[in-house]
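Asker: Just dropping this structure here.
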Amino acid sequence: MKRYIAPLLIALLAVNATAQTSLSLYHMEVVPQSSMLNPGRAPRCNVFVGMPSANISFRGETNIKLSQMFQKVDGEWKFLTENDFDYTDINRRLKKGARANTQMNLGLINVGWRQAENYWSVNWNFRISSGASMPKAFITMLDKGLPDGTRLNFSRMRFNMISYHELSLGYTRALDEQLTIGGRLKYLSGVFGAKTKFSKFDVTTGRDQWAFDVDGEANLSFPLKMNPDKNGAIAVDSIEWKEMSALEIVGRTLIGFHNPGAAIDLGAEYKIDENFKVSASVTDLGFIIWSKDANKLSAKNQYEYNGFEVEFNDFFDGINLSDRFSDVVDSVKNAFSSHTTTKTFATGVHPNIYLGGEFTPYQFMSVGLVSRTTFWGNGVTQNFNLTLNMKPYSFVSVMSGYTVDIKGCITGDFGFSINMGPLQYYLMLDGLPLVQRRMTFEGEKIVMPYNLCDMSVNTGFNIIIGAKGPKPNHNSKY
Amino acid sequence: MERIRTKLLFATCLLAMAGCIKDDVEIDEFKYTRMPNLAAPVFYANVDYNGIFKHLAKNKPQNNAKVEFDNDGLIYLTYKKNYEVSWNSVADINNIHWSVNQLFPTVEGKEVSHNISDRITMNADSSQRFDTIIISKSTMTVKAQKMDVDGDGTMIFSEMTKDGKALEVKWKLNEGTEQTIDVSGYKIVPGHSSETSYMTTNIVLEGTATATSTTSYLNIEMTMTEIVPQVLFGYFGTKDALNRKSIMDISFFQSHEFPDEIEFNGAFINLDVNNWTGTPFNLKMDDRFIVKSNKDSLPVSLLKDSALYIEQINYTDYRADGKYAPKHNYFLIDTTNSNLNAILNCSPNSYDYILQITTNPHGEQSENFLTEESKLQADVQLYIPFWLKITNLTREDTIDFDLNSIILDADNAKYVDAISLYFDFDNGFPITLWSQAYLVDEKNTIVDSLFNGREQLWNTPKLDQNKRVSKWAATHSQVTMDNKKIVDCSKKDVKKIILHTGISTTSAPDQYLKFYKEYGLTMNLSFEVLSKK
């Protein structure tokens, strides 16, 4: 039973946990977590305490558009696995292949306080980032099949995952009436990490030969037990989880500090005049060095399939195709068998660059524009966000807006915060699909989002002391 | 101001909920119906001398059969059986057992003095006589039950000596004994009476009776087990050291599918015997070929009434290493002294024989001897050399080919442009092969064929003046099922391919096929499916 605890825990954390990921949170300065996106912007409060383990955020990103998976051909809807489906649109969008990334953050301890012109914050977060890339070759294979003379490159196939604790100390200071700067130093402690890389993964198919040429590696920091065969080769299905006691699991996931790392957030805000502000920040600029249970699995193999080898006897005895197919499958599996070495490795932590501008015509309303560039392990995404932030009453703030990615995927954003005395609840939803598709699948009616490109959720509870409401503005014409 | 705030708040919320529902997508079920564009090799084969050798060897009737080729391209099917007669099948001296159970009078406190003498028989077979045995390995076990006598017991084997001293076993009478004695190296010179070779044992009991009973019970057992003689002299009688019936299954020539005509060329049976014993032997064989179809028994029986005599080795003829060279004899049954060729042409299923090996066939002429390494080995070898002749040998195979299952759905047939099969052969055998493949439905009704008539897949290679292949012949065949044929076959629900093939030694139709080491054949089959966009 214990052997299943570690993977179960990882799976649970992967589902439930997350850094602050909502782009529209950037200008919601009444929510203290907004300062996580730019340490140069202090939140509008004197003291805040995040409810332990009650602040979570999630961001999921992919370049696959759901709407492109269905097409109407001659009045009939077709899925991409069906014969008449035209891959032109998908090929245009997924030039380098498909990609999916997630980031999750669970705020364990979040505290911030203002001291004169200074704002300090201390945070302990548990974070998970993962990313996977499916090379274009998969789509080509689905579209074109494997005719004579096909050469497919799967080397862009990737899988990366890191989970880590983040202990940080943040500091924000107004240098003068116009410029505020801030930074956050982070100590990182990796829990589990994995990254894969293929320098070569070519598959050539033809009438005379199929050939596989694989040169890749996987770096893992997981409690795994490798079971090499007599030649030292490790088949993927021979790898097992190490048996761990409950104490070891807790030690490894919660309190152990095995894989050290560091990161930094830097930010600044400049007030051009009473109504205009611009700001910029860089977050999660850092790395983790993985040494605990670190294994490097290397596979460098070639395999050529020239057909089943038939012996003279087989012409008389018959050929057992299933046995022969199994032999071929075994040979292909052997091409992916790897050798392991214990090797420390490093991973980055997916930095973001934010550029923002805010126009505040009234104390209770502002219009914000934010640009976010995220450097995933498998690509870069660029989003722009336009929000309308309203604070109609001292206890409530509402945000609404649009996010557009560089590929033209437009989604909606919505968020609000409510203060009930010192208790604040907030919910921010980014990347909401503006158009839904009603689908009838095997008689069941379901509603699916038309686009689901970059979606994030932030929610949680805070204790706020000294929240500043809208200041009276005597110059207002209203 | 308040009105504006409220309106803006509503506008903000409305903005957030500005989504709409578009397109009613209806998918009956998720299915994979992408038509394949696929090209792949199916199989390849390199048939060479060894491939045919392995095939014939695999189809040989028994594990003790071998297939070989000679330099003249002749195929040899060779059967071989070995028989071994070891020393203990010649002389029966493996275990010796002797015991005594006796009551004799005793008086408490009085002296006891009791002697027993007896003969221990050593030859289990009364026709055998043992003159001298030097024991290489054996153990003697002596068990004596305790008695109510305070004194000693002694068991003396006067014919069993080592360094001139007889073997004595001693024990305390009131304790009894169970002793195991290593008797390796002891020499026994048995005495002889009618039909018995024996050694004597003398038992001496001396002491004082301790019980009030008026009798004492004496119980002694002696066994010598697993006696291995370093050397055993004597006469081992006339007896069958081996009498065994054996069958060599040669139904290969009936069951084999490859040749349709066989010419046997110089079959022979060889009996090869080596004798490492100091005993002469006679070997007799009652042998016959059996034809199962008509239950014919075709006797050879050249050694049924007469016999092959194998001399004994002489004790003093050992070599420098202490070992003996065997006395050898052999007997050859071939076409000169038998009708073997005629028998083989009757297509026998088996060669059945009884092998009988008899010791001292002429009675006692000289003293026999055995050592622990003594043995007699007899090999029976049946050689059947032959050539093959193949004259349009046809064969029919059925291959499952469910076309509609391959293209996933009959409706998809219209999308498949072509299915092509590519056959590449390089033929280095003086054999030609044609083929025709019929596409048939479930009831084996022919829907279409792959080739237009018989397709010559193996062309005739170039032969030299000796009809030996000098240059291999390459053939490249392509069969394409076009869209029209695929649609038609799909409609008619083709399920199977019936493949007709025929091979002939057409290079030399009047000659038998010979196999040479340089002969071979390579073949490749690949396919390509092309679908419409």
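The values are calculated or read from the model by the stated rules, or taken from the named source; none is laboratory data. As the structure is a computational prediction, the values presented were derived from the model and not from experiment. Reconstructed Cβ throughout: ideal geometry from the backbone, glycine too, with neighbour counts over all protein chains shown. Ligands, DNA and RNA are excluded from the accessible area calculation, which covers all protein heavy atoms including side chains. Shrake-Rupley method; radii C 1.70, N 1.55, O 1.52, S 1.80 Å.
Asker: Go through (1) under 30 Å from A:Arg252 (Cα atoms); (2) within 14 Å of chain B (Cβ to nearest Cβ); (3) of a type in the set (Gly, Ala, Ser) and name the single condition A:Gly216 misses.
Answerer: With (1) under 30 Å from A:Arg252 (Cα atoms); (2) within 14 Å of chain B (Cβ to nearest Cβ); (3) of a type in the set (Gly, Ala, Ser) applied to A:Gly216, the lone miss is (2).
Asker: Next question, about the same structure. Only one of A:Asn105, A:Asn160 is surrounded by 18 or more Cβ atoms within 10 Å (Cβ to Cβ) and over 24 Å from A:Val47 (Cα atoms). Can you tell me which?
Answerer: Values: A:Asn105 fails: over 24 Å from A:Val47 (Cα atoms).
Only one candidate qualifies: A:Asn160.
Asker: Take the residues of the range B:16-50 that are surrounded by 18 or more Cβ atoms within 10 Å (Cβ to Cβ) and not in a strand (DSSP E or B): which is modelled with the highest pLDDT?
Answerer: Result: B:Asn37.
Asker: Looking at (1) of a type outside the set (A, V, I, L, M); (2) more than 14 Å from every other protein chain (Cβ to nearest Cβ); (3) closer than 29 Å to A:Ser298 by Cβ, which is the one condition that is false for A:Gly183?
Answerer: For A:Gly183, the failing item is (3).
Asker: Inside the range A:163-198, can you point out the residues that are open to solvent by 80 Å² or more (accessible area, probe 1.4 Å), in a strand (DSSP E or B) and more than 30 Å from A:Ile255 (Cβ to Cβ)?
Answerer: A:Arg173, A:Lys197
Asker: Can you name the strands (runs of 3 or more DSSP E) wholly within the range A:336-407 that have at least 3 residues being in contact with an Asp or Glu (Cβ under 7 Å, 6 or more places away or on another chain) and of a type in the set (Ser, Thr, Tyr)? Talk me through it step by step, then tell me what you get.
Answerer: Numbers: elements: A:339-341, A:345-348, A:352-362, A:365-376, A:379-393, A:396-405.
Counting at least 3 such residues, we get A:396-405.
Asker: May I pose another question? Exactly one of (1) over 30 Å from A:Thr360 (Cβ atoms); (2) of a type outside the set (Asp, Glu); (3) buried (at least 17 other Cβ atoms within 10 Å of the Cβ) is unmet by A:Phe257. Its number?
Answerer: Only one criterion is unmet by A:Phe257, namely (3).
Conditions (1) of a type in the set (A, V, I, L, M); (2) under 20 Å from B:Pro41 (Cβ atoms), marked per residue:
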| residue | (1), (2) |
| --- | --- |
| B:Ile384 | yes, no |
| B:Trp434 | no, no |
| B:Ala437 | yes, yes |
| B:Lys462 | no, no |
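Asker: Here's a follow-up. Within the range B:503-530, can you find the residues that are at pLDDT below 85, within 14 Å of another protein chain (Cβ to nearest Cβ) and in contact with a Phe, Trp or Tyr (Cβ under 7 Å, 6 or more places away or on another chain)?
Answerer: B:Phe515
Asker: Quick check on my filter: what residues within the range B:153-165 are farther than 18 Å from B:Ser113 by Cα, assigned to a strand (DSSP E or B) and open to solvent by 30 Å² or more (accessible area, probe 1.4 Å)?
Answerer: Looking only at the range B:153-165, we keep the residues that are farther than 18 Å from B:Ser113 by Cα, and these are B:157-165.
Among the residues that remain, those that are also assigned to a strand (DSSP E or B) are: B:157-162, B:165.
Passing the criteria: B:Ser158, B:Glu159, B:Thr161, B:Lys162, B:Lys165.
To keep it simple, each residue is scored yes or no on (1) of a type outside the set (D, E, K, R); (2) open to solvent by 10 Å² or more (accessible area, probe 1.4 Å).
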| position | (1), (2) |
| --- | --- |
| B:Asp150 | no, yes |
| B:Lys170 | no, yes |
| B:Thr180 | yes, yes |
| B:Thr201 | yes, no |
| B:Leu205 | yes, no |
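Asker: Using the structure shown, decide if A:Glu76 is within 14 Å of chain B (Cβ to nearest Cβ) and either under 17 Å from A:Phe441 (Cα atoms) or open to solvent by less than 20 Å² (accessible area, probe 1.4 Å) (or both).
Answerer: yes
Asker: Within the bounds of the range A:317-335, is there any residue that is within 14 Å of chain B (Cβ to nearest Cβ), aromatic (Phe, Trp, Tyr), assigned to a strand (DSSP E or B) and open to solvent by 20 Å² or more (accessible area, probe 1.4 Å)?
Answerer: Within the range A:317-335 (the criterion being within 14 Å of chain B (Cβ to nearest Cβ), aromatic (Phe, Trp, Tyr), assigned to a strand (DSSP E or B) and open to solvent by 20 Å² or more (accessible area, probe 1.4 Å)), the answer is no, since none of the residues qualifies.
Asker: Ok, one more. Going through B:Ser117, B:Ser136 one at a time, which residue ends up being surrounded by 16 or more Cβ atoms within 10 Å (Cβ to Cβ) and among the polar types (S, T, N, Q)? Before the answer, list the steps.
Answerer: Values: B:Ser117 fails: surrounded by 16 or more Cβ atoms within 10 Å (Cβ to Cβ).
The match here is B:Ser136.
Asker: State the number of residues belonging to the range A:86-103 that are touching a Leu at 6+ places or on another chain (Cβ under 9 Å) and more than 19 Å from A:Gly379 (Cβ to Cβ). Working first, answer last.
Answerer: Filtering the range A:86-103 for residues touching a Leu at 6+ places or on another chain (Cβ under 9 Å) gives A:87, A:90.
Narrowing further to those that are more than 19 Å from A:Gly379 (Cβ to Cβ): A:87.
Summing the residues that are touching a Leu at 6+ places or on another chain (Cβ under 9 Å) and more than 19 Å from A:Gly379 (Cβ to Cβ) in the range A:86-103 gives 1.
Asker: Is there a residue being at pLDDT below 80 and open to solvent by 50 Å² or more (accessible area, probe 1.4 Å) anywhere in the range A:56-70?
Answerer: no
Asker: Moving on. Identify, by number, the condition in (1) under 22 Å from the mean Cα position of the chain (by Cα); (2) open to solvent by less than 40 Å² (accessible area, probe 1.4 Å); (3) facing another protein chain (nearest Cβ under 10 Å); (4) under 30 Å from A:Arg92 (Cβ atoms) that A:Tyr402 doesn't meet.
Answerer: (2)
Conditions tested, residue by residue: (1) open to solvent by less than 30 Å² (accessible area, probe 1.4 Å); (2) in contact with a strand residue (DSSP E or B) (Cβ under 8 Å, 6 or more places away or on another chain); (3) on the phi > 0 side of the Ramachandran plot.
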{"residue": "B:Asp286", "(1), (2), (3)": "no, yes, no"}
{"residue": "B:Ser297", "(1), (2), (3)": "no, yes, no"}
{"residue": "B:Ile310", "(1), (2), (3)": "yes, yes, no"}
{"residue": "B:Asn329", "(1), (2), (3)": "no, yes, no"}
{"residue": "B:Asn337", "(1), (2), (3)": "no, no, no"}
{"residue": "B:Thr359", "(1), (2), (3)": "yes, yes, no"}
{"residue": "B:Glu367", "(1), (2), (3)": "no, yes, no"}
{"residue": "B:Leu370", "(1), (2), (3)": "yes, yes, no"}
{"residue": "B:Pro385", "(1), (2), (3)": "yes, yes, no"}
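Asker: Still on this structure, I have one more. With the condition kept exactly as written, say whether any residue in the range A:138-146 is assigned to a strand (DSSP E or B), open to solvent by less than 30 Å² (accessible area, probe 1.4 Å), within 14 Å of chain B (Cβ to nearest Cβ) and touching a Phe, Trp or Tyr at 6+ places or on another chain (Cβ under 9 Å).
Answerer: The first filter runs over the range A:138-146 and keeps only residues assigned to a strand (DSSP E or B), leaving A:146.
Now drop any that are not open to solvent by less than 30 Å² (accessible area, probe 1.4 Å), which leaves A:146.
Okay, now just the ones that are also within 14 Å of chain B (Cβ to nearest Cβ), so A:146.
Filter once more, keeping what is touching a Phe, Trp or Tyr at 6+ places or on another chain (Cβ under 9 Å): A:146.
Within the range A:138-146, one or more residues are assigned to a strand (DSSP E or B), open to solvent by less than 30 Å² (accessible area, probe 1.4 Å), within 14 Å of chain B (Cβ to nearest Cβ) and touching a Phe, Trp or Tyr at 6+ places or on another chain (Cβ under 9 Å).
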